[in-house]
Amino acid sequence: MNEACSSAPAIDRDTAATLAEPLTDLVVRAGVAILSINRLAMTVEGKVDGSPLTEADLAADRIISEGLARLIPEVPVLSEERVLAKPPYGGSFFLVDPLDGTKEFVAGRSEFTVNLALVTNGSPVLGIIGAPALGLIWRGVVGRGAERLTTAKGAVRTAEPIRTRPLPRRGEPWIVAVSRSHGDAKTDAFIADRPGAIRQMLGSAVKFGRVAEGGADIYPRLAPTCEWDVAAGHAVVSAAGGKVTDAQGADLRFGEGPAGFIVPQFIAWGDPSAAGDLINK
């Protein structure tokens with residue numbers, strides 16, 4: 001990766017939209033590679049931070065990195081498996097999590113994803129979330145709308161537009177997407193302080209997809225995570241009519257953090273107008 005990222009070109013939304021199909025193809029191919037791995041026989045290693053690393057992570061990362069190098073080599077790529085530079089990043093860059101939800105994958109569950117985002121000037125403009133074991137892809141370009149695709153045998157079968165939904169009226173139950181494997185006390189307290197929530201336990205960036213398609217109202221995570229876990233979902237939810245903020249309602253910035261590629265906390269809102277009410281409750 002080129003460490004001098006300040007000179008990288010800035011990819012606008014119109015250009016990003018033209019990249020959606022070839023980038024989706026990379027995500028599909030990465031998903032096929034993941035599903036080809038025998039989970040019962042694979043080797044699971046530990047990273048420095050204690051999270052697992054498998055040959056599926058590496059296979060998906062290789063497909064995406066090589067594909068991006070052919071497709072648009074002038075744009076830098078930051079992957080969870082290849083963090084070779086430090087912020088700040090200028091212009092545009094790709095943020096990739098080749099296998100989000102490795103714990104779910106190792107445990108034999110289906111809620112793991114391939115996350116690919118294009119960030120321009122600190123804000124995600126395009127996001128693709130592939131859930132190969134579920135046969136689903138959520139994708140969107142901010143300002144151009146979002147879609148849910150179905151896949152089978154490495155091919156896209158159907159595509160339909162998706163939108164987030166308005167938050168239910170006061171007193172009615174609302175659905176909150178929460179992590180199955182990464183619970184934290186602050187998030188639990190946030191939910192508990194706002195009565196009427198129905199918790200939907202999910203793994204990986206599938207939670208962003210459910211918010212984007214109107215299947216959940218909110219996805220809070222008030223503990224640190226990494227930018228490659230969030231950027232694709234940020235773009236998809238935003239493209240579908242929602243919003244992703246920090247816990248105070250401020251916009252998130254990517255590739256600019258003084259502490260590295262860390263998102264201290266975030267909330268994905270299906271209904272942006274509900275953000276102030278829930279934050280200030």
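Answer yes or no as to whether ASP61 is over 23 Å from SER179 (Cα atoms), in the same structural domain as ALA17 (by TED's automatic domain parsing) and buried (at least 16 other Cβ atoms within 10 Å of the Cβ).
yes
Let me confirm something: among ALA189, ALA117, ALA159, which residue is modelled with pLDDT of 95 or more, under 17 Å from PHE266 (Cβ atoms) and of a type in the set (Gly, Ala, Ser)?
ALA117
Go through region 35-65 and report how many residues are modelled with pLDDT of 90 or more and touching a Ser or Thr at 6+ places or on another chain (Cβ under 9 Å).
Residues in region 35-65 being modelled with pLDDT of 90 or more and touching a Ser or Thr at 6+ places or on another chain (Cβ under 9 Å): 8 in total.
Assess whether GLY257 counts as being crowded, with 16+ Cβ neighbours inside 10 Å, in contact (Cβ under 8 Å) with a residue 40 or more places away in the chain and over 16 Å from the mean Cα position of the chain (by Cα).
yes
Assess whether VAL156 counts as being crowded, with 24+ Cβ neighbours inside 10 Å, in a strand (DSSP E or B) and either aromatic (Phe, Trp, Tyr) or on the phi < 0 side of the Ramachandran plot (or both).
When the stated conditions are applied, VAL156 does not pass them.
SER123 - would you say it is surrounded by fewer than 24 Cβ atoms within 10 Å (Cβ to Cβ), in contact with a strand residue (DSSP E or B) (Cβ under 9 Å, 6 or more places away or on another chain), in the same structural domain as ARG221 (by TED's automatic domain parsing) and not aromatic (Phe, Trp, Tyr)?
no
Pull up region 174-188, narrow it to residues that are in contact (Cβ under 8 Å) with a residue 24 or more places away in the chain and not in a strand (DSSP E or B), then point me to the one that is surrounded by the fewest Cβ atoms within 10 Å (Cβ to Cβ).
Filtering first and then ranking leaves LYS186.
Scan (1) surrounded by fewer than 16 Cβ atoms within 10 Å (Cβ to Cβ); (2) out of contact with any Pro (no Cβ under 6 Å at 6 or more places or on another chain) for the single condition LEU71 breaks and write down its number.
With respect to (1) surrounded by fewer than 16 Cβ atoms within 10 Å (Cβ to Cβ); (2) out of contact with any Pro (no Cβ under 6 Å at 6 or more places or on another chain), LEU71 is out only on (2).
State which residue pairs qualify: first residue free of Cβ contacts under 8 Å to residues at least 40 places away in the same chain and inside region 100-122, second residue in a loop (DSSP other than H, G, I, E, B) and not aromatic (Phe, Trp, Tyr) in any location, beta carbons under 8 Å apart, and separation of 6 or more residues or different chains.
SER110/ALA133; SER110/LEU134
Looking only at strands (runs of 3 or more DSSP E) that lie completely in region 196-254, which have at least 3 residues being buried (at least 22 other Cβ atoms within 10 Å of the Cβ), within 14 Å of the chain's Cα centre (by Cα) and not polar (S, T, N, Q)? Explain how you work it out, then say what you get.
On the way: elements: 197-202, 218-221, 243-245.
Per the criteria, 218-221.
Condition check ((1) among the small types (Gly, Ala, Ser); (2) touching a Pro at 6+ places or on another chain (Cβ under 7 Å)) across all residues:
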position: GLY215; (1), (2): yes, no
position: PRO220; (1), (2): no, no
position: THR225; (1), (2): no, no
position: ALA231; (1), (2): yes, yes
position: VAL236; (1), (2): no, no
position: GLU256; (1), (2): no, yes
position: ALA259; (1), (2): yes, no
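In the set PRO264, PRO220, which member is more than 23 Å from GLY130 (Cα to Cα) and of a type outside the set (Gly, Ala, Ser)? Can you show your working first?
Details: PRO220 fails: more than 23 Å from GLY130 (Cα to Cα).
Just a single option satisfies the conditions, and that option is PRO264.
Could you check region 14-47 and list, in sequence order, the residues that are more than 12 Å from LEU68 (Cα to Cα) and of a type in the set (Asp, Glu)?
Correct list: ASP14, GLU21, GLU45.
From the set of residues in region 99-120 that are in a loop (DSSP other than H, G, I, E, B) and out of contact with any Ser or Thr (no Cβ under 7 Å at 6 or more places or on another chain), which is surrounded by the fewest Cβ atoms within 10 Å (Cβ to Cβ)?
So, considering only residues that are in a loop (DSSP other than H, G, I, E, B) and out of contact with any Ser or Thr (no Cβ under 7 Å at 6 or more places or on another chain), the one surrounded by the fewest Cβ atoms within 10 Å (Cβ to Cβ) is GLY108.
Select from region 260-277 the residues that are in contact (Cβ under 8 Å) with a residue 40 or more places away in the chain and touching a helix residue (DSSP H, G or I) at 6+ places or on another chain (Cβ under 8 Å) and write down the one among them that is farthest from ILE175 (Cα to Cα).
Per the criteria, the residue is PHE261.
Taking the condition of being out of contact with any Lys or Arg (no Cβ under 7 Å at 6 or more places or on another chain) and either closer than 14 Å to LEU136 by Cβ or polar (S, T, N, Q) (or both), how many residues in region 155-169 meet it?
Adding up the residues that qualify gives 6.
The values are calculated or read from the model by the stated rules, or taken from the named source; none is laboratory data. Computed from a predicted structure; not experimentally measured. All Cβ positions, even for glycine, are placed from backbone atoms using ideal geometry, and neighbour counts span all protein chains on display.
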